[in-house]
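Data block below; observations after.
Here, each number is a calculation from the coordinates, and none is a lab measurement. For clarity, every value in this text was computed on a predicted model and none was experimentally measured. Because the Cβ atoms are built from the backbone with ideal geometry, glycine has one as well, and the counts that use them run over all protein chains shown.
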Amino acid sequence: MRTDKASSLYGRRVLVAVSGSIAAVKTPLLVSALVKAGAEVCCLVTPSGAALVSPVALASLSRHRCYLEADQWNPTAPRPLHIELAEWAELTIVAPLSASSLARWSQGSADGLLASVLLATEGPVIAAPAMNTAMWRHPAVQRNWLQIQEFPKVVPLLPTSGLLACDRVGDGRMADPTMIQLAAESVFSRGPDAPVATCDWSGISLLVSAGPTQETIDAARFLSNRSSGRMGVLLAQAARFRGATVQLVHGPLDLPDAWLEGLQCTPVESAAQLSSALQLALPTSDVLVMAAAVADLRREAAFEEKMPKKQLQDVLSSGWTEVPDLLSNLTRQRRPGQLVLGFSALTGDDTHLLEKAESKRLEKGCDLMMVNPVDRDGQGFGDQPNGGWLLGEGWNRNLPVTTKLTLSHQLLDALFKLRDQAAALVDS
Ligand SMILES: Cc1cc2nc3c(=O)[nH]c(=O)nc-3n(C[C@H](O)[C@H](O)[C@H](O)COP(=O)(O)O)c2cc1C
């Protein structure tokens, strides 16, 4: 079988637990995707889960036997199955998580195989609830949901809104399997020094800009750049997985729609729209990350009709104006304590590039500047890895080329440290 050796899931042991929600029909897709990414996957199904999705399908797709409730009471097993599974798994994913299983977990009940595994596990657990909107909004369910987020290694994936199997339109849809896979990759993309508390960004509000801007030339053409939005969106999701509330202002993206789940999104096209949206959101955020690739020029006036090809050269040789520096404007407007991380795509040799980057950081007034060279093979735009230097006041740190998800966590760690230092200064 072909597997993705570049994925952080490669060679990792993942337990996928399925409880009794109709969303269980989507779990085989998740299992298949995890296996293709190179993870060793094993499934566990509650009795209600087994009534909704076939354990045989899960066994086939995971290339592993699927555990059922009755397996816990096997007289030939030398050790309890729930302990074996909890110790085997480097990551447990509960998808879907039903209201009943959530209730048992939040209350510390070990009633059943899944409930026992959830209490016995010391590793991270991704929780993807799914249920009818009224059930999801019930105060008891909300209380239980908040309760499990207090547990040290839980990655909570809020249900999304849409048409439910009960024909109601509202909250309660299980996170998309693509999103659950991204959360799993994120767990394994954090370094060995990752804090015990998975939700270390809980209570922090992050504002991220991502993707390119487009400046209209005429009815058919625009000026833009190669940015896919991947770096900014992955950073936004990595922060969300760590408990942050994230607002994302983004240009036209070249990414799966599901990657925007759980973010408060404002789509924009031009630099002027990006600037207005960011200024509106800035006062309510604690940290700003400017990963958007803003087009440098805009037309003084765009043409309403499509310009004939023959006139283009003449018409485009004038009538351009420079787009104002959004990052400098925003750093000037920030309130004390708000942190700003800027991105700078540069080219050239290392020394020259670092000199340029440091003067850019000072000129723009941001606390941290991630400098990524975009003229080197195998790094930079799109789904390529990324790396470069992170510059701060009086220091610079080389960040070797890695996946954009790992880089996102390194940047979040640096921001978190800076926040801690700033808080310590205020306290002393
Ligand atoms: C057809 C059907 C669909 C269901 N869908 C859901 C659901 O989406 N979410 C949920 O929490 N419970 C749902 N339930 C109810 C649960 O299956 C029931 O509460 C069960 O006790 C859950 O047990 P478990 O958590 O051990 O799997 C559904 C029940 C049926 C019969």
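Couple of notes before you dig in:
- Beta bridges per DSSP, both residues in segment 205-427: antiparallel share near 35 percent.
- Average projected area [Cα convex hull, the chain], square nanometres: 25.0
- Straight Cα distances below 18 angstrom link K36 to the lysines K5, K26, with same-chain residues fewer than 8 positions distant left out.
- Over 17 Å [Cα-Cα, segment 96-227], rounded percent: 68
- Remark: relative contact order (segment 13-189) = 22 percent; criterion is Cα-Cα distance under 8 angstrom and separation of 6 or more residues.
- Proximal charge balance of A281 [Cβ under 14 Å; K/R count +1, D/E count -1]: +1
- Other residues whose C-beta falls under 12 angstrom from the C-beta of R190 contribute a net charge of -2, scoring Lys and Arg +1 and Asp and Glu -1.
- Relative contact order computed over the chain (Cα-Cα under 8 Å; 6+ residues apart), in percent: 11
- Largest mean-square fluctuation among N74, N144, N386, in a Gaussian network model of the chain whose springs join Cα atoms under 10 Å apart, belongs to N74.
- Mean Cβ neighbour count within 10 Å, used as a protection proxy, ranking 393-399, 48-54, 359-365, 97-103 highest first: 97-103, 48-54, 359-365, 393-399
- On Cα atoms only, tilt of 27-36 relative to the major axis of the chain in degrees: 70
- Proximal charge balance of V246 [Cβ under 13 Å; K/R count +1, D/E count -1]: 0
- Spin-label model distance (nm) - N74 vs A140, 7 Å beyond Cα toward Cβ: 3.4
- Listed cross-link partners K364/K404; K364/K417; K360/K404; K309/K356; K306/K404; K153/K417 are compared with a 26 Å cut-off, the Cα-Cα value being larger for K309/K356; K306/K404.
- The label point for D314 and the one for L158, both projected 7 Å from the Cα toward the Cβ, are 5.4 nm apart.
- Value of D in µm² per second that Stokes-Einstein yields for segment 236-282, Kirkwood Rh from Cα pairs, at 37 °C (0.692 mPa s): 288
- The radius of gyration of the Cα set in segment 45-116, together with its Dmax, comes out at 12.4, 33 angstrom.
- In plain terms, the chain from A219 to S276 could stretch by 18.2 nm, reckoned as 0.36 nm per residue minus the Cα-Cα distance.
- Normalised size of segment 216-297, defined as Cα radius of gyration per 2.2 N^0.38 Å with N residues, equals 1.12.
- Global form of segment 13-189, assessed from the alpha-carbon gyration tensor, a/c cut-off 1.5: rounded
- The chain: angle of helix 139-148 to the longest principal axis, Cα-based, in degrees nearest 10: 80
- Calculated mean residue ellipticity, 222 nm, the chain: -10500 deg cm²/dmol, from DSSP H runs (n ≥ 4) at -39500 (n - 2.57) each, averaged per residue and rounded to 500.
- Segment 205-427 - percent relative contact order, Cα under 8 Å, separation 6 or more: 20
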